[in-house]
Amino acid sequence: MGELIVIRHAQASFGSDDYDRLSDLGHQQAELVGAALRDMGWVPDRLITGTLARQKQTLRGMGFDKAPEEHAGWNEYDFHDLLRVKFGGTIPDPVQHDRKTHFRTLRDVLREWQGGGVEGARETWTQFSARIASARQAATREGAERVLVISSGGAIGQLTASALGAAPEQMIALNLQVKNTAISRFIFTPRAFFLHEFNATPHFAPKERAHLLSYS
């Protein structure tokens, strides 16, 4: 059996003009999760990221030398696009910059998107879920036993919901739980794929590191 570990990128730059880059905290988180995997003796033989800068920066910060593959299927859904479409082209300032307002609004917009709404968005829910399935198939193809993927919360939520056979709305609950640099582990064979561990952060377990945990 093969093992797939999917890690959410480290903290990005919420509320800034360029969200798609790690914060100072994010760089610390990336170093810690890389060290945690090495302490476990878990060394990947396939590395994959999406095409987003925050995903690539996270992997670089983790300190693995093997050249990664890129697969755009592991990218996040474009939440900026969904919110712009929902609000007629301009995202209200509280939705853009206040965390509680942002995530409460995003939850509602995702439900609408899953139901076929938010017409005019660059990607439909059906397209999003299909590309996550395609990315999973590519990552677990023959040739590697330990696969490490750096992805994003929505992609991890959908991958997990799919592995559990859960309803689409469960993806939203899972998505919004995923911590920065959290480890989710899956077991795969040519005919099976199932969840083994979800949203683990052993690298933040020591009390002196608890303040480094973040969700966005």
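The values are calculated or read from the model by the stated rules, or taken from the named source; none is laboratory data. Keep in mind the model is a prediction, meaning the values are calculated, not measured. When we count neighbours, we look across all protein chains shown, and the Cβ atoms used for this are built from the backbone with ideal geometry, even at glycine.
Conditions (1) out of contact with any Ser or Thr (no Cβ under 7 Å at 6 or more places or on another chain); (2) closer than 18 Å to residue 114 by Cα; (3) of a type in the set (Gly, Ala, Ser), marked per residue:
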residue	(1), (2), (3)
155	yes, yes, yes
159	yes, yes, no
168	yes, yes, no
179	no, no, no
190	yes, no, no
195	no, no, no
205	yes, no, yes
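Residue 116 fulfils the conditions (1) more than 27 Å from residue 69 (Cβ to Cβ); (2) touching a residue at least 60 places away in the same chain (Cβ under 8 Å) except for a single criterion, (2). For region 16-28, the criterion of a residue being among the hydrophobic types (A, V, I, L, M, F, W, C) and farther than 21 Å from residue 159 by Cβ is satisfied by at least one position.
Here 127, 114, 96 are screened, and the one residue that is among the polar types (S, T, N, Q) and out of contact with any helix residue (DSSP H, G or I) (no Cβ under 9 Å at 6 or more places or on another chain) is 127. Candidates are the residues of region 49-79 that are hydrophobic (A, V, I, L, M, F, W, C) and not in a helix (DSSP H, G or I); the one that is farthest from residue 8 (Cα to Cα) is 67. For region 169-176, the criterion of being touching a residue at least 60 places away in the same chain (Cβ under 8 Å) and within 26 Å of residue 40 (Cβ to Cβ) is met by at least one residue. For the condition buried (at least 22 other Cβ atoms within 10 Å of the Cβ), on the phi > 0 side of the Ramachandran plot and in contact with a Leu (Cβ under 9 Å, 6 or more places away or on another chain), residue 181 qualifies.
Yes/no matrix, rows are residues, columns are (1) at pLDDT 95 or above; (2) part of a strand (DSSP E or B); (3) small (Gly, Ala, Ser); (4) under 20 Å from residue 177 (Cβ atoms):
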position: 47; (1), (2), (3), (4): yes, yes, no, no
position: 81; (1), (2), (3), (4): yes, no, no, no
position: 85; (1), (2), (3), (4): yes, no, no, no
position: 96; (1), (2), (3), (4): no, no, no, no
position: 110; (1), (2), (3), (4): yes, no, no, yes
position: 130; (1), (2), (3), (4): yes, no, yes, no
position: 147; (1), (2), (3), (4): yes, yes, no, no
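In region 134-166, the qualifying residues are those that are among the aliphatic types (A, V, I, L, M) and farther than 21 Å from residue 56 by Cα, and the one that is surrounded by the most Cβ atoms within 10 Å (Cβ to Cβ) is 161.
Just one of the listed residues (199, 175) is modelled with pLDDT of 95 or more and in contact with a helix residue (DSSP H, G or I) (Cβ under 7 Å, 6 or more places away or on another chain), namely 175.
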